[in-house]
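Below you'll find the structure, written out as structure tokens, and then a few comments.
The values are calculated or read from the model by the stated rules, or taken from the named source; none is laboratory data. Since we're looking at a predicted model, the values are computed, not measured. As a convention, Cβ positions derive from the backbone with ideal geometry for all residues, glycine included, and neighbour counts pool all protein chains shown. These area figures cover heavy atoms from the full protein model, side chains too; ligands, DNA and RNA do not enter into them. Shrake-Rupley method; radii C 1.70, N 1.55, O 1.52, S 1.80 Å.
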Amino acid sequence: MKKKVKIPVIVVSSVVGALLIAVIVLCSVSVRPLKPFMDYETVYVYTSGTEEKLPDGQFRADLDGVNREKLNKNLKKAGFSVMHATLEFVGSYGPKFVKETNDEGERVYKEVTVAQARAACAAGESSYMLEFVFENPNGQTPKTFKVGKTEIKYDRMLMNAHTTNGELQWVTVYLFEKKMEDANNPDAKEYRIRPIRMRMNTSPLYIALGEIAADYTA
């Protein structure tokens, strides 16, 4: 005579199975915040502690194919799985415009000049500034990136890369058009950048940049 399978056992097995499927799905779904910017032409990496060894405190990551490959690999590693985010109780990934409180106590989008963006991303003793250059031949329409319903034109991107200790943290990037940095451009005076924040784990990128910088300073 066949034994009847108890209903509680069936329920528990079903729940466990569903949880396992959910975990597999969450682990397989990835967020890649820097994916839209992987088609760069070159990247300038600015350092602080090794300025005496690097002309102008910078080097071009595209001068060496091996280093470029290493950089690309670790730019991808700035991304994360949805499971990773869930374990850190992170529910918002961006991209979002940075907000600030104005003099009237209202929350408004923050706006900065190109010079202020460079200052905000400046390399420190434990961080690097990355300046991504995107091809814009003959002054043609630059690339675009959307944050919500707002479309941004750009051919440059700035960000500061530092260790996040393996955690997902907000990292701010600045998209702008290089021509707006030209003092002779009449539109440059009123030009402003809206900082964009995205969740990233830049620890692998920070380590890789240190290795790349060591190659140039050896």
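For region 113-130 and region 67-87, compute the distance between their C-alpha centroids and round to whole Å.
21 Å
Give me the dipole magnitude in Debye, nearest 20, for region 144-196 about the Cα centre, with unit charges on the beta carbon: positive for Lys and Arg, negative for Asp and Glu.
Using only the charged Cβ atoms, the result is roughly 140 debye.
If you take the beta carbon distance between PHE145 and ALA214 as r and set R0 to 25 Å, what does 1/(1 + (r/R0)^6) give as a FRET efficiency, to the nearest 0.05?
0.20
Which of PRO195, ALA120, LEU130 sits closest to the plus end of the dipole of region 80-218, meaning its Cα is farthest towards the positive end, when Lys and Arg get +1 and Asp and Glu get -1 on the C-beta?
PRO195
At 1.4 Å probe size, what's the solvent-accessible area of MET38? Round to the nearest 10 Å².
Per-residue accessible area (MET38): approximately 50 Å².
Quote the relative contact order of region 123-218 in percent (integer), defining contacts as alpha-carbon pairs under 8 Å separated by 6+ residues.
Over region 123-218, the number comes to 26 percent.
Report the paramagnetic label zone for ALA120: residues of region 169-192 whose backbone N is under 19 Å from a point 7 Å from Cα along the Cα-to-Cβ axis.
Within reach of a label on ALA120, which here means backbone N under 19 Å from a point 7 Å along Cα→Cβ, region 169-192 contributes 169-182, 188-192.
How many nm separate the modelled label positions at ASN72 and LYS35, each set 7 Å beyond the Cα in the direction of the Cβ?
Placing both labels 7 Å beyond Cα along the Cβ direction yields 1.6 nm.
Using a simple spin-label model with points 7 Å from Cα along the Cα→Cβ vector, what separation in nm is obtained for ASN185 and GLU135?
2.1 nm
Please give the charge dipole size of region 63-218, origin at the Cα centre, charges +1 on K and R Cβ atoms and -1 on D and E Cβ atoms. Round to the nearest 20 debye.
I would put it at about 480 debye.
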